[in-house]
Amino acid sequence: MADALLTVRGITRRFGERTVLDAVDLDVVAGEAVGVVGPNGSGKSTLLRCIVGADQPDAGETLLSGQQLDERRAEVRRDLAVVMDDIDFFPDLSVVEHLDLVARAHGQRDAEDLVDAVLDEVGLMQVSGQLPSTLSSGQRRRLALASVFVRPRTLLVLDEPEQRLDVEGVAWLGEKLVAEKAAGRGIVLVSHDPDLVAKVCDRVVRLGDA
Ligand SMILES: Nc1ncnc2c1ncn2[C@@H]1O[C@H](COP(=O)(O)OP(=O)(O)OP(=O)(O)O)[C@@H](O)[C@H]1O
Ligand SMILES: [Mg+2]
């Protein structure tokens, strides 16, 4: 398929005797969002880690735009925007410095204007000069999301992005992800929020039913 962004085939991951992922397939085309749902421990985060190359599956493969996904390639890092639940920040860079660094590292033109616009959109303008350690947990989460929106991206891979966000924040996130789809981007969304999944996702893959 010409516009296949992500093709995941037969991902299998075992920890000792336990098979957490058993030959999971998943496809995302441009402009589409696929939800990944299931109970705690069903393997959602493990699947995302295998997809983005942060974990090595025992079997299976991941193609990004038809090519083996190799996060060592700069084009892959440019295309793939990831928010996992173990997000870390440089302790001595402020909010605005973080976003500026991410935007420039990915070669965004007009980085300053872009960072300003995203700071405003995610509601971090007031705290833009603060260090990550001084942010509230929801503000830290907003910073992690802002990092995605100041960089180029073709596919978003998000592990419970709604975590820690207030009601307005979750509503904003839903709108934003729908707009990302409209701009032709693909999304893999792991979430425990059925309303967010219903609003954003075109299809859902359920783990842990076996
Ligand atoms: N490195 C590891 N070593 C051993 N077991 C692991 C490892 N990583 C994950 N697991 C196990 O794999 C299973 C799936 O974990 P995973 O984090 O993918 O679940 P999840 O679906 O994301 O759950 P949650 O909804 O709580 O985030 C769990 O039972 C977990 O303990
Ligand atoms: Mg998880």
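Every number here is computed from the coordinates shown, using simple stated rules; none is lab data. Note that the structure is a prediction, hence the values are computed from the model and not measured. Cβ placement follows ideal geometry from the backbone for every residue including glycine, while neighbour counts extend to all protein chains displayed.
Taking θ as phi - 60° and the Karplus parameters 6.51, -1.76 and 1.60, the scalar couplings of the stretch 56-67 work out to 9, x, 6, 7, x, 8, 10, 10, 10, 6, x, 10 Hz in sequence order, x denoting glycine and proline.
With +1 assigned to the C-beta of every Lys and Arg and -1 to the C-beta of every Asp and Glu, and no other charges, what is the dipole magnitude of the chain about the Cα centre in debye, to the nearest 20?
Values: 24 positive and 36 negative charges, 75 e Å.
My answer is approximately 360 debye.
Here the label points at residue 133 and residue 86, each 7 Å from Cα along the C-beta direction, are separated by 2.2 nm in the simple model.
Out of the stretch 53-107, which GluC sites (Glu not before Pro) are coil in DSSP terms and have no more than 14 other C-beta atoms within 10 Å? Passing both the DSSP loop test and the Cβ count: 71. Candidates 15, 138, 117 compared by Cα position along the dipole of the chain: farthest toward the positive end lies 15, with charges placed on Cβ. Counted residue by residue at 0.36 nm each, then reduced by the alpha carbon distance between them, the extension gain from residue 29 to residue 54 reaches 6.8 nm. Computed over the stretch 31-105, the range of Cα coordinates on each principal axis works out to 39, 31, 27 Å, biggest value leading.
Just add up the charged neighbours of residue 77: K/R +1, D/E -1, any other residue whose Cβ is under 15 Å from the Cβ of residue 77. Intermediate values should be presented prior to the final figure.
Numbers: positive: 72, 73, 78, 104, 151, 153; negative: 70, 71, 75, 79.
Every neighbour counted, the sum reads +2.
Residues considered: 136, 42, 94. Largest GNM mean-square fluctuation over the chain, using C-alpha springs under 10 Å, is found at 136. Placing pseudo-labels 7 Å out from each Cα toward the beta carbon at residue 202 and residue 9 gives an inter-label distance of 2.1 nm. When the chain is treated as a GNM with alpha-carbon contacts under 10 Å, the residue of 134, 62, 12 showing the greatest mean-square fluctuation is 134.
Under 5 Å from the amide H of residue 204 lie the amide H atoms of 35, each residue being 5 or more positions distant or on a separate chain, with H modelled from the backbone and absent for Pro and chain starts. Sorted into 5 angstrom bins from 0, the C-alpha pair distances of the chain split as 1, 7, 15, 19, 20, 17, 12, 6, 2, 0, 0 percent. When its C-alpha radius of gyration is set against 2.2 N^0.38 Å (N residues), the stretch 85-165 gives a value of 1.01. Rounded to the nearest whole Hz, the Karplus-based 3J(HN,Hα) values (6.51 cos²θ - 1.76 cosθ + 1.60, θ = phi - 60°) of the stretch 86-93 follow the sequence 10, 4, 10, 10, 5, x, 10, 10, with x at glycine and proline. Exposed loop sites were defined as trypsin sites (Lys or Arg not before Pro) in DSSP loop states (anything but H, G, I, E or B) carrying at most 14 other C-beta atoms within 10 Å; in the chain the longest segment without such a site runs 110-210.
Where nothing but the Cβ of Lys and Arg (+1) and of Asp and Glu (-1) is charged, how large is the charge dipole of the stretch 21-112 around its Cα centre, in debye to the nearest 20?
Working: 8 positive and 19 negative charges, 31 e Å.
Computed about the Cα centre, the dipole is about 140 debye.
Counting each DSSP H run of 4 or more residues in the chain as -39500 (n - 2.57), what helix-only mean residue ellipticity at 222 nm follows after dividing by all residues, to the nearest 500 deg cm²/dmol? Intermediate results must be reported in sequence, preceding the final value.
Values: 7 runs with 73 residues, N = 210.
Per the formula, -10500 deg cm²/dmol.
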